[in-house]
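> Before I ask anything, here is the structure I am working with.
The values are calculated or read from the model by the stated rules, or taken from the named source; none is laboratory data. A quick note: this is a predicted structure, and the numbers were derived from the prediction, not measured. No Cβ is skipped: glycine too gets one built from the backbone with ideal geometry, and neighbour counts run over all protein chains shown. Ligands, DNA and RNA are excluded from the accessible area calculation, which covers all protein heavy atoms including side chains. Shrake-Rupley method; radii C 1.70, N 1.55, O 1.52, S 1.80 Å.
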Amino acid sequence: MPAKKIPDKKVKAVEQLQDRIGRCTIAVGVDFRGVKGGAMTAMRRKMRGQKIEVRVVKNTLTRIAAEKAGRPDLMKVVQHTTAIVFGYGDPAEIAKAVCEYGQAEKTPLSLRGALLGRRVLSLDDLKVLAALPPRAQLVAMLLGQIQAPLVRLVSVLNGPSRGLVTVLHRHAEQLQKQVAASAAPAAPAGHIS
């Protein structure tokens with residue numbers, strides 16, 4: 001579908017939206033019908049500190065910006081009255097923040113899905129992503145899994161040398177005992193006092 005001609009006054013809005021779509025690691029489509037203006041402002045404030053930006057968008061301009069940014073699949077999560085939550089950090093943390101916000105604040109946010117890179121996530125996929133631990137924790141778990149076999153390998157390789165050291169140490173102790181026993185004066189055999 002060719003891009004529509006954009007009125008001059010909307011060109012800047014499309015460029016800004018295109019930039020956000022291109023830079024974000026995840027974009028979550030949110031239906032905000034029934035959400036009061038004050039609640040949206042509070043949501044924007046709270047999310048801003050987490051590298052998350054909330055924008056109410058016009059569908060036509062979003063479609064044009066998404067096509068220009070090379071992410072036309074974004075339109076699968078943009079319908080009717082939509083706000084897009086643009087996340088610029090760890091997608092799992094952003095998904096968790098968005099999912100938890102709607103529950104904690106008791107706002108009638110209806111999540112539609114998300115665009116993660118170039119992949120469209122359903123609402124269920126988004127919830128699974130939100131349940132994942134943060135990236136740093138996943139990396140630590142992975143490194144632990146990689147490190148465990150290496151520690152066992154080092155232990156196995158050290159086993160024979162450790163055994164040899166133990167045998168040599170015990171042999172040295174026996175020799176010391178023999179030397180000590182032979183150096184001690186023995187009492188004369190038939191001497192009665």
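> To the nearest whole percent, what portion of all C-alpha pairs in segment 1-62 is separated by more than 13 angstrom? Intermediate values should be presented prior to the final figure.
Numbers: 1329 of 1891 pairs.
That tail contains 70 percent of the Cα-Cα pairs.
> So, with a 1.4 angstrom probe, what is the percent of accessible area on segment 108-169 that is carbon and sulfur? Walk me through the intermediate numbers first.
Working: 3110 of 4490 Å².
So the carbon and sulfur contribution to the accessible surface is 69 percent.
> Name the aspartates and glutamates eligible as straight-distance cross-link partners of Lys68: C-alpha to C-alpha under 16 Å, and not fewer than 8 places from it in the same chain.
Glu15, Asp19
> Sorted by mean Cβ packing within 10 Å, highest first, what order do the peptides 61-70, 168-177, 131-140 take?
Numbers: 61-70: 19.3, 168-177: 10.0, 131-140: 12.2.
In decreasing order of mean packing, 61-70, 168-177, 131-140 become 61-70, 131-140, 168-177.
> Once fully extended, how much extra length lies between Arg162 and Ser122, figured as 0.36 nm per residue of separation less the alpha-carbon to alpha-carbon distance? Can you show the working numbers first?
On the way: separation 40, 0.36 × 40 = 14.40 nm, distance 5.59 nm.
This chain segment gains 8.8 nm when fully extended.
> Using only Cα atoms, figure out Rg for the chain and give it as a multiple of 2.2 N^0.38 Å.
2.12
> What does the charge count near Arg71 come to, summing +1 for each Lys or Arg and -1 for each Asp or Glu among other residues with Cβ under 13 Å from its Cβ?
Counting the neighbours of Arg71, the net charge comes to +4.
> Roughly how many Å² is the accessible area per residue of segment 105-149, as a whole number, for a 1.4 Å probe?
Counting only protein heavy atoms, the per-residue value for segment 105-149 is 67 Å².
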